[in-house]
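Worksheet: one structure, shown below.
The values are calculated or read from the model by the stated rules, or taken from the named source; none is laboratory data. Remember, it's a predicted structure, so these values are computed and weren't measured experimentally. Note: ideal-geometry Cβ built from the backbone for every residue, glycine included; neighbour counts use all protein chains shown.
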Amino acid sequence: MASQTSGLTANAKLTATKRLLAFLAGTLTIGTIVACVTPELLQAQKPRWLLPSREFLPKLIAGPRDPVTQAKLVLVAESVNQFEDVAEAEVALGASVPGFLLTGHTLQDALVFGIEAAVFGRFTLETIERDVISTDWVVLVPLVLHRGHHWFRLAYHHISSHLGDDYINRFRTEASNYGRDAVDGLAYLQVLPQLAVYGGANVAYNVHPDGARRWTLRLGNEFKTTATDGNFMPYGALDFQLEQNNDWEPRVDVQLGAWFPKLDGRRVVRCGIEFLTGPSPQGQFSGLNAAEVSFGVWVEL
């Protein structure tokens, strides 16, 4: 009887997880559609302060769990899961919607409020079923202040993680109850036309599992050439994240690649190679060290 009750409880949890994921996927899809609507279609129907240009919500290039749409082939040198794969795939659907232009008029003086969200899925490529290993869900509600070529962000940050049903069934394992709600602050300084540096901190006020430590520090830099419009633009980025919960061991994420030519006045698509080492960004495997090389395409919606 006890085992039967335990099985029913596990099934109920899986069903609840599926419903939650379906709801969030629908929400992200709607957000993506809104984010993709061109300004020309909205211009005659909205005030200037409502749904300003996507450029008012800037993104960092490197960072394995920043909201972005992506598709990556991941070559694993040090695995954190029981598949112990050499080849995996990671895909993400993400969208950013600048909701309100609170003050200012341009990227030099604006104060903007918005919302960003993404879901990241990691899959094995070494089974016919292409099992889902885990998914990570990220929501960011930022307030961004632009000053000249610099910007400053204060945000609510949520991340939660779910172990794939296929993975649970295959290895008869249990998911970790991983989640964090935090306040995130970051400053981005354009020190040269080709070079920017940034740094910030994240402090969680609600953590799972209980007892997890709360601070994360982040710093990095971005390099880009001053290519003319219409050309591919090479870039490089280096991101360090140090989590108190991982005894301050750094997670290092390096990206090298090129932006595709501009679409509708801004650069949206880039491709490149990514090197990641240190504590895994997958919440279900938090605390385990990973080493990966990825080839990917990133799209900033």
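Quick notes
- Residue that is small (G, A, S) and either under 12 Å from G63 (Cα atoms) or under 16 Å from the mean Cα position of the chain (by Cα) (or both), where the choices are A258, A237: A237
For every residue, the table says whether it meets (1) surrounded by 13 or more Cβ atoms within 10 Å (Cβ to Cβ); (2) modelled with pLDDT under 55; (3) of a type outside the set (S, T, Y); (4) assigned to a loop (DSSP other than H, G, I, E, B).
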residue	(1), (2), (3), (4)
K18	no, yes, yes, no
R48	no, no, yes, yes
K59	yes, no, yes, yes
K72	yes, no, yes, no
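- Screening region 138-189 for residues that are assigned to a strand (DSSP E or B) and of a type in the set (K, R) and picking the one that is surrounded by the fewest Cβ atoms within 10 Å (Cβ to Cβ) gives R147.
Residue-by-condition table, conditions (1) part of a loop (DSSP other than H, G, I, E, B); (2) farther than 30 Å from N177 by Cα:
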| site | (1), (2) |
| --- | --- |
| V191 | no, yes |
| Y205 | no, no |
| L217 | no, no |
| D239 | no, no |
| Q284 | no, no |
| G287 | yes, no |
| A291 | no, no |
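- Lone qualifier among A77, A89 - being under 19 Å from H162 (Cα atoms), of a type outside the set (D, E, K, R) and modelled with pLDDT of 95 or more: A89
Let's see how each residue does on (1) over 30 Å from N81 (Cβ atoms); (2) touching a residue at least 60 places away in the same chain (Cβ under 8 Å); (3) touching a Pro at 6+ places or on another chain (Cβ under 9 Å); (4) not acidic (D, E):
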position: A118; (1), (2), (3), (4): no, yes, yes, yes
position: R122; (1), (2), (3), (4): no, yes, no, yes
position: L125; (1), (2), (3), (4): no, no, no, yes
position: I128; (1), (2), (3), (4): no, no, no, yes
position: L140; (1), (2), (3), (4): no, yes, yes, yes
position: R147; (1), (2), (3), (4): yes, no, no, yes
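- Search result, residues across region 74-99 that are aliphatic (A, V, I, L, M) and in a loop (DSSP other than H, G, I, E, B): V80, V86
- Number of residues in region 208-237 that are under 20 Å from I159 (Cβ atoms), surrounded by 15 or more Cβ atoms within 10 Å (Cβ to Cβ) and modelled with pLDDT under 95: the value is 3.
- Pairs, first without any contact (Cβ under 8 Å) to a residue 12 or more places away in the chain in region 255-271, second assigned to a strand (DSSP E or B), C-beta under 6 Å, six or more apart: none
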